[in-house]
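Engineer: Okay, handing you the structure first.
The values are calculated or read from the model by the stated rules, or taken from the named source; none is laboratory data. Everything numeric in this text was worked out from a predicted model, so none of it was measured. Virtual Cβ from ideal backbone geometry, glycine too; neighbours counted across all protein chains shown.
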Amino acid sequence: MGVVTPFPTPAPAQQVTFVRAELQRILDLYGRMVAAGHWRDYAIHFGRDAASFACFRRSAERPEYRIEKRPALRSRQGEWALIGEGGAVLKRGHELGPVLAPVERKLMKLVEE
């Protein structure tokens, strides 16, 4: 018989993803914001350059916040970024906790003694 030549397949593209602990931290914040009535929907996007978690007040609007992970910026500005509704970078850093701090401040309420 003849020689079977394998069909050439392209190399799989590497995707940037969230690890379990990062996604747990983001979903914990999302759950608290839903319980407080601020958010109603979310979207996750995994791409070659970045992974993104978008939070929506209503699903028909632009996201109120986007949390992005860009590993290419790890050694420069930090791989994490909090991006506002208009597309402006609100906070950037090397760790997820401080980047989420401006959003978590919305959940704090003044309690009377």
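Engineer: If we keep just the residues of segment 45-79 that are closer than 16 Å to residue 104 by Cα and not aliphatic (A, V, I, L, M), which is surrounded by the most Cβ atoms within 10 Å (Cβ to Cβ)?
Structural biologist: Let us first name the residues in segment 45-79 that are closer than 16 Å to residue 104 by Cα, namely 53-57, 64-67.
If we keep only those that are not aliphatic (A, V, I, L, M) as well, we get 53, 55-57, 64-66.
Values: 53: 21, 55: 21, 56: 17, 57: 17, 64: 16, 65: 23, 66: 21.
The qualifying residue surrounded by the most Cβ atoms within 10 Å (Cβ to Cβ) is 65.
Engineer: Let me ask another. Can you tell me which residue within segment 1-51, out of those that are of a type in the set (Ser, Thr, Tyr) and more than 20 Å from the chain's Cα centre (by Cα), is nearest to residue 74 (Cα to Cα)?
Structural biologist: Among them, the one singled out is 9.
Engineer: I would also like to ask the following. Given the criteria at pLDDT below 90, of a type in the set (Lys, Arg), assigned to a loop (DSSP other than H, G, I, E, B) and in contact with a strand residue (DSSP E or B) (Cβ under 8 Å, 6 or more places away or on another chain), does residue 58 qualify?
Structural biologist: Spelling it out, residue 58 is indeed at pLDDT below 90, of a type in the set (Lys, Arg), assigned to a loop (DSSP other than H, G, I, E, B) and in contact with a strand residue (DSSP E or B) (Cβ under 8 Å, 6 or more places away or on another chain).
Engineer: Of the numbered conditions (1) surrounded by 12 or more Cβ atoms within 10 Å (Cβ to Cβ); (2) free of Cβ contacts under 8 Å to residues at least 60 places away in the same chain, residue 26 satisfies every one except a single condition; which is it?
Structural biologist: In the conditions (1) surrounded by 12 or more Cβ atoms within 10 Å (Cβ to Cβ); (2) free of Cβ contacts under 8 Å to residues at least 60 places away in the same chain, residue 26 misses (2) alone.
Engineer: Please give the number of the condition residue 86 fails out of (1) over 15 Å from the mean Cα position of the chain (by Cα); (2) exposed (fewer than 15 other Cβ atoms within 10 Å of the Cβ); (3) in contact (Cβ under 8 Å) with a residue 12 or more places away in the chain.
Structural biologist: (3)
Engineer: Of all residues in segment 65-113, which are touching a helix residue (DSSP H, G or I) at 6+ places or on another chain (Cβ under 9 Å) and among the charged types (D, E, K, R)? Working first, answer last.
Structural biologist: In the first step, residues of segment 65-113 are kept if they are touching a helix residue (DSSP H, G or I) at 6+ places or on another chain (Cβ under 9 Å); the result is 65, 67, 69, 78-82, 90-93, 96-97, 100, 103-104, 106-107.
69, 79, 91, 92, 104, 106 - these are the residues of segment 65-113 that are touching a helix residue (DSSP H, G or I) at 6+ places or on another chain (Cβ under 9 Å) and among the charged types (D, E, K, R).
Engineer: Also, I was wondering about something else. Residues that are over 18 Å from residue 28 (Cα atoms) and in a strand (DSSP E or B): does segment 62-71 have at least one?
Structural biologist: No, segment 62-71 contains no residue that is over 18 Å from residue 28 (Cα atoms) and in a strand (DSSP E or B).
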